[in-house]
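The values are calculated or read from the model by the stated rules, or taken from the named source; none is laboratory data. This one's a predicted model, so the numbers in the text were calculated from it and none came from an experiment. Glycine gets a Cβ as well: all are built from the backbone with ideal geometry, and neighbour counts include every protein chain shown.
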Amino acid sequence: MCSAPVGVPFLLEIDGISIEVTRKRVKNVNFRVGSDGVARMSVPAHMSGERIREVAQRHAGWFAKHLEQVESLPSRRPRDWETGESVWVWGEERRLVVECVQDGFGCTLGEGELRLRVPKNSTQEGRALLAERWYADQLKERLTQLLPECEARVGRRATSVTLRRMKTRWGSCTTRTGAIRINIALAECPLHCLEMVVTHELCHLVERGHNQRFYALMDLHCPGWRASKKWLDMHPPTM
């Protein structure tokens with residue numbers, strides 16, 4: 001299985017841990033445990049299967065620790081988007097109130113609540129879509145000011161910023177083109193988390209890998225990034 005081509009994941013078993021390994025055109029080995037409970041490694045395309053196993057074995061304890069942390073998180077079942085559910089807006093918990101109306105569909109913030117106005121006989125998918133559009137609008141509004149500030153600090157500009165639903169990632173970028181993608185669910189999180197993710201992706205336009213230079217850039221341009229990352233690790237995406 002270790003002969004899998006570039007970009008095609010294969011599974012590696014180390015001390016009872018299944019690790020999804022992908023060869024990429026990168027210089028460094030990267031490790032990650034997603035909120036979906038999957039351990040992942042990305043490795044340089046030329047790295048041998050024996051070397052991959054050796055590196056994975058050396059980090060087995062790290063994988064075990066982070067998998068345990070993910071398993072200890074409270075389960076997050078998909079929302080039904082019904083009155084009484086808890087929702088989050090910029091890090092604050094609010095009660096969802098669903099109201100059937102003739103027009104003016106969408107969301108409004110009230111005292112301790114998020115009011116979702118929907119058509120009569122709306123479906124769960126329809127309510128989720130209305131809420132997602134509202135969250136995306138919130139994100140766009142905040143990014144209008146935040147993105148230029150982060151770009152000025154890092155000294156790099158994104159060629160485009162796309163908002164997407166992502167199951168396990170808060171953001172991503174294509175270093176070749178400068179395009180950045182942001183998870184819509186960040187509108188559920190404190191604003192400092194959005195700032196951290198934007199800075200993170202911009203720093204990748206300077207340094208592609210998660211190496212010492214990259215983390216030095218994060219420390220310089222977003223000193224509180226570790227606290228933001230911890231918050232995100234404890235609150236996986238729910239949208």
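Please enumerate the residues belonging to the range 89-105 that are within 27 Å of W231 (Cβ to Cβ) and surrounded by 12 or more Cβ atoms within 10 Å (Cβ to Cβ).
Passing the criteria: V89, W90, G91, E92, R94, R95, L96, V97.
Tally time: how many residues in the range 206-239 are part of a helix (DSSP H, G or I), out of contact with any Lys or Arg (no Cβ under 7 Å at 6 or more places or on another chain) and not polar (S, T, N, Q)?
17
Identify all residues within the range 106-128 that are surrounded by 14 or more Cβ atoms within 10 Å (Cβ to Cβ) and either without any contact (Cβ under 8 Å) to a residue 24 or more places away in the chain or small (G, A, S) (or both); write none if there are none. Talk me through it step by step, then tell me what you get.
So in the range 106-128, the residues surrounded by 14 or more Cβ atoms within 10 Å (Cβ to Cβ) come out as 106-107, 109, 113-119, 122, 126-128.
Residues satisfying the conditions are G106, L109, E113, R115, R117, V118, P119, S122, G126, A128.
So which residues in the range 6-54 are at pLDDT below 85, of a type in the set (G, A, S) and surrounded by fewer than 18 Cβ atoms within 10 Å (Cβ to Cβ)?
G7, G16, G34, G37
Those residues that are in a strand (DSSP E or B) and under 18 Å from Q69 (Cα atoms), I need them from the range 21-38; list them, please.
Within the range 21-38, F31, R32, V33 qualify.
Kindly indicate whether E141 is out of contact with any Cys (no Cβ under 6 Å at 6 or more places or on another chain), exposed (fewer than 15 other Cβ atoms within 10 Å of the Cβ) and either of a type outside the set (K, R) or more than 24 Å from S42 (Cβ to Cβ) (or both).
Yes: the conditions hold for E141.
Scanning the range 86-111 for residues that are more than 23 Å from the chain's Cα centre (by Cα) and of a type in the set (D, E), which turns out farthest from A128 (Cα to Cα)? Break it down stepwise before answering.
Our first condition is that a residue be more than 23 Å from the chain's Cα centre (by Cα); within the range 86-111, this holds for 95-111.
Still in the running and of a type in the set (D, E): 99, 103, 111.
Details: E99: 14, D103: 17, E111: 21 Å.
That would be E111.
When you check L147 against the structure, is it surrounded by fewer than 15 Cβ atoms within 10 Å (Cβ to Cβ), of a type outside the set (D, E) and within 26 Å of A227 (Cα to Cα), yes or no?
no
Out of the range 106-144, which residues are over 20 Å from A185 (Cα atoms) and in a loop (DSSP other than H, G, I, E, B)?
Once the filter is applied, which keeps residues that are over 20 Å from A185 (Cα atoms) and in a loop (DSSP other than H, G, I, E, B), the range 106-144 yields E111, P119, K120, N121, S122, T123.
Applying the selection to the range 158-214, what residues are in contact with a strand residue (DSSP E or B) (Cβ under 8 Å, 6 or more places away or on another chain), over 13 Å from R142 (Cβ atoms) and among the aliphatic types (A, V, I, L, M)?
A158, M166, A179, I180, L202, L205
In the range 150-173, which residues are closer than 14 Å to H200 by Cα and not in a helix (DSSP H, G or I)?
G155, R156, R157, A158, V161, R169, W170, G171, S172, C173
Go through (1) farther than 19 Å from I182 by Cα; (2) touching a strand residue (DSSP E or B) at 6+ places or on another chain (Cβ under 9 Å) for L217 and report which single condition fails.
Every listed condition holds for L217 apart from (2).
Given (1) loosely packed, with under 15 Cβ neighbours inside 10 Å; (2) more than 23 Å from the chain's Cα centre (by Cα), where does R133 come up short, assuming only one miss?
Condition not satisfied by R133: (2).
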